[in-house]
Amino acid sequence: MSGLRRALSDGLLVAGRNLRRVPRIPELAIFAIIQSVIFVLLFAFVFGGAIPLPGGGSYREFLLPGIFVQTVFFACVTTAIGMTDDVNKGLIDRFRSLPMARSALLSGRALSDLVYNAGILIVLMVSGLAVGWRVHTGVLEFLAGAGLMLLVTFAMSWIGVWIGMNVPTVEVANQVGFMFIFPLTFVSNIFVPPETLPSWLQPVAEWNPASVLTAALRQLWGNPNPYVADGLPAEHPVLITVAWTVVLLAVFAPLGVRRFRALSR
Amino acid sequence: MDAVVAEGLVKTYTTRAGTVRALDGLDLVVPEGAVLGLLGPNGAGKTTTVRILATLLRPDGGRATVAGHDVVAEAQAVRASIGLSGQYAAVDENLTGEENLVLFGRLYRLSKADAHARARELLEQFALTAAARRVVKTYSGGMRRRLDLACALTGRPRLLFLDEPTTGLDPRSRNALWDVIRDRVRQGATVLLTTQYLEEADALATSIAVVDHGTIIARGTADELKAQIGGERIEVVVHDPAALPRAREILARDAGDDCRVDDRARRIVVPAHGGVLRLMQILRDLEAAAIALDDVGLRRPTLDDVFLTLTGHAAEDGGNGAGAGNADGGAP
């Protein structure tokens with residue numbers, strides 16, 4: 001078997017193993033979904049009335065793409081926890097003693113978390129439909145948005161790999177992950193129109209990868225999409241999202257691989 | 001051919017407290033078909049040695065070949081010929097026993113059908129068939145270790161590394177695991193085994209290497225080592241602390257310098273040259289001197305004895321310096 005095919009088949013084996021674990025610890029997936037649903041309910045029914053959208057439109061339709069994006073960003077926590085757990089339980093050592101492709105441990109992890117998060121996103125979209133969110137454009141635009149979400153999920157998983165290899169325990173992985181996610185998702189256009197933010201925060205919120213992905217989804221799906229001003233993120237959110245993904249992958253994938261190599265030091 | 005050859009292995013770790021030299025020029029040879037017991041206390045460098053030989057760690061100095069392949073330059077070829085069973089059972093506790101075996105079998109490059117067949121075979125051999133479809137979380141400690149060992153064997157490795165295979169197991173599970181390992185040895189496996197227990201090395205290994213502070217300080221068969229450290233010991237606990245000096249005089253008569261007194265425990269230990277006959281002689285002498293005893297016995301040498309004899313210091317546990325407290329009185 002050639003090196004690439006071996007890396008691929010080993011990556012699939014590791015991903016399959018990771019996914020097999022999901023129904024064995026159903027609490028993880030269930031609470032991930034419940035958490036997002038709580039966010040939907042909180043913001044849609046509690047704060048939603050107090051947050052008027054410039055240009056009008058339904059707050060729930062505005063909110064839902066942002067909730068999806070929040071879930072996409074949580075992928076890095078899922079991955080970090082899985083990675084730390086495997087390192088601490090000695091499984092990574094077992095894998096490293098086998099004549100398998102080393103890359104499979106990282107790529108398998110990123111792949112399985114992609115599938116896992118896609119599953120969670122599907123459940124969330126269905127609950128979004130129930131509270132009034134709709135895709136107003138076509139099937140192609142919907143698929144383009146879904147593809148964009150998966151792309152960013154994949155990049156987030158690599159951040160998770162890097163976090164997971166740098167922290168001592170699952171609990172710390174969880175905390176570091178959230179420390180990373182919360183500022184990104186709150187200083188953004190997910191919950192409030194960016195114009196309600198202080199002016200010095202507005203550029204951050206505009207360029208924030210969580211914001212550009214949210215804006216891209218709203219644009220693709222015809223959901224309310226208010227902006228403060230014109231500018232690159234406002235005009236080309238899809239493009240900027242892809243650019244962010246490339247940058248994040250270019251930075252965090254090598255960092256993760258380097259930490260992984262350092263295990264043998 | 002030698003299955004394992006290590007020459008001058010050096011490994012240092014940098015911690016906040018400073019630099020720790022885990023391996024300090026360790027030399028090791030395991031001939032094909034042999035079972036070498038690497039015996040030493042926590043922190044002696046046993047696990048570091050196994051991790052280097054299993055390609056999990058790179059040595060800072062020295063070189064090693066496993067199954068004829070260099071552990072650094074030809075790591076992948078080394079991995080194809082070894083099975084590693086670790087100190088902490090590295091099986092996936094959220095998978096079933098069977099799923100673990102199939103997964104590792106496939107990563108050892110078995111086909112799907114072969115991996116399943118191999119899994120069934122190993123489950124049978126390790127008495128895990130009934131638990132095959134259960135999640136490993138529900139296994140007992142002994143079952144987990146057996147599964148761990150079975151996972152190491154999925155690829156039919158020529159060479160088996162067992163890092164403290166029975167640490168933390170109850171005696172019954174330990175004996176069961178010993179049987180399994182002996183079985184492997186009868187079938188011609190080459191094994192490198194680390195242990196803190198002389199008894200375990202004695203039960204499984206054809207030869208023993210004693211490690212301390214990252215180097216081998218003694219090697220030989222179990223009998224040779226025991227002869228070197230004086231074989232069995234006579235242990236006497238006197239009733240009255242005041243009688244200790246007189247009792248010591250009687251016991252030390254033939255023991256020379258090698259007589260250890262623990263004042264607190266009122267215990268004296270001497271080598272049992274002459275075995276039971278010598279014990280009976282001592283008892284008669286003590287009775288004649290009217291020294292009352294609380295306890296008396298012949299006991300086999302422990303790791304502490306090996307260490308006291310070989311290094312002059314007690315086998316320390318992990319570096320906290322708290323030895324078993326039973327061997328300090330008369331030691332030099």
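The values are calculated or read from the model by the stated rules, or taken from the named source; none is laboratory data. These figures come from a predicted structure and were not determined experimentally. Positions of Cβ are generated from backbone atoms using ideal geometry, with glycine treated the same way; all protein chains shown enter the neighbour counts. Protein only, heavy atoms only, side chains kept; ligands, DNA and RNA dropped before computing areas. Shrake-Rupley method; radii C 1.70, N 1.55, O 1.52, S 1.80 Å.
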Could you tell me whether any residue of region A:134-146 is in contact with a Pro (Cβ under 9 Å, 6 or more places away or on another chain), among the acidic types (Asp, Glu) and surrounded by fewer than 24 Cβ atoms within 10 Å (Cβ to Cβ)? no
Considering (1) at pLDDT 95 or above; (2) within 13 Å of chain A (Cβ to nearest Cβ); (3) crowded, with 23+ Cβ neighbours inside 10 Å, say which one residue B:97 fails and leave the rest. (2)
Do you know which of the residues in region B:67-86 that are at the interface with chain A (Cβ under 8 Å from one of its Cβ atoms) and touching an Asp or Glu at 6+ places or on another chain (Cβ under 8 Å) is modelled with the highest pLDDT? B:84
Only one of A:97, A:188, A:107 is crowded, with 17+ Cβ neighbours inside 10 Å, polar (S, T, N, Q) and over 28 Å from residue A:242 (Cβ atoms); which? A:97
Do you know which residues across region A:166-184 are at pLDDT 90 or above and crowded, with 24+ Cβ neighbours inside 10 Å? A:173
Quick check on my filter: what residues within region A:52-70 are under 20 Å from the mean Cα position of the chain (by Cα) and either open to solvent by less than 10 Å² (accessible area, probe 1.4 Å) or hydrophobic (A, V, I, L, M, F, W, C) (or both)? A:62, A:63, A:64, A:65, A:66, A:67, A:68, A:69, A:70
Going by what's in this entry, would residue A:67 be described as aliphatic (A, V, I, L, M) and within 14 Å of chain B (Cβ to nearest Cβ)? no
Based on this model, can you work out whether residue A:13 counts as surrounded by 15 or more Cβ atoms within 10 Å (Cβ to Cβ), within 13 Å of chain B (Cβ to nearest Cβ) and of a type outside the set (Phe, Trp, Tyr)? yes
Matching residues, region B:100-140, being within 14 Å of chain A (Cβ to nearest Cβ), open to solvent by 60 Å² or more (accessible area, probe 1.4 Å) and assigned to a loop (DSSP other than H, G, I, E, B): B:109, B:133, B:134
Single residue of region B:183-205 satisfying the filter (over 12 Å from the mean Cα position of the chain (by Cα) and modelled with pLDDT of 90 or more) that is surrounded by the fewest Cβ atoms within 10 Å (Cβ to Cβ): B:191
Residue under question is residue A:145, and the condition is that it be under 26 Å from residue A:240 (Cβ atoms) and within 18 Å of the chain's Cα centre (by Cα); does it hold? yes
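Let's see how each residue does on (1) out of contact with any Asp or Glu (no Cβ under 6 Å at 6 or more places or on another chain); (2) away from every other protein chain (no Cβ under 12 Å); (3) outside any helix (DSSP H, G or I); (4) open to solvent by 40 Å² or more (accessible area, probe 1.4 Å):
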site	(1), (2), (3), (4)
A:4	yes, yes, no, yes
A:8	yes, yes, no, yes
A:17	yes, no, no, no
A:20	yes, no, no, yes
A:29	yes, yes, no, no
A:34	yes, yes, no, yes
A:43	yes, yes, no, no
Among the numbered criteria (1) modelled with pLDDT of 95 or more; (2) within 18 Å of the chain's Cα centre (by Cα); (3) surrounded by fewer than 23 Cβ atoms within 10 Å (Cβ to Cβ), which one does residue A:114 miss? (1)
Where residues in region B:61-89 are closer than 25 Å to residue B:146 by Cα and assigned to a loop (DSSP other than H, G, I, E, B), which of them is farthest from the chain's Cα centre (by Cα)? B:67
Report, by residue number, each residue of region B:26-60 that is farther than 17 Å from residue B:184 by Cβ, more than 14 Å from every other protein chain (Cβ to nearest Cβ) and either in contact with a Gly (Cβ under 7 Å, 6 or more places away or on another chain) or in a loop (DSSP other than H, G, I, E, B) (or both). B:26, B:27, B:40, B:41, B:42, B:43, B:44, B:45, B:46
Restrict the check to region B:241-250 and report whether at least one residue is part of a loop (DSSP other than H, G, I, E, B) and in contact (Cβ under 8 Å) with a residue 12 or more places away in the chain. no
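Yes/no matrix, rows are residues, columns are (1) in a helix (DSSP H, G or I); (2) over 16 Å from residue A:173 (Cβ atoms); (3) within 14 Å of another protein chain (Cβ to nearest Cβ):
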position	(1), (2), (3)
A:84	yes, no, no
A:112	yes, yes, yes
A:123	yes, yes, no
A:148	yes, yes, no
A:160	yes, no, no
Mind listing whichever residues of region A:71-82 are more than 14 Å from chain B (Cβ to nearest Cβ) and either surrounded by fewer than 23 Cβ atoms within 10 Å (Cβ to Cβ) or not aliphatic (A, V, I, L, M) (or both)? A:71, A:73, A:74, A:76, A:78, A:79
In region B:27-42, the residues that are buried (at least 20 other Cβ atoms within 10 Å of the Cβ) and either of a type in the set (Lys, Arg) or closer than 15 Å to residue B:66 by Cα (or both): B:28, B:30, B:35, B:36
Filter pass, residue B:167 being open to solvent by 10 Å² or more (accessible area, probe 1.4 Å), of a type in the set (Val, Ile, Thr) and modelled with pLDDT under 90: yes
Residue B:63 being away from every other protein chain (no Cβ under 11 Å), basic (Lys, Arg) and surrounded by fewer than 16 Cβ atoms within 10 Å (Cβ to Cβ): yes
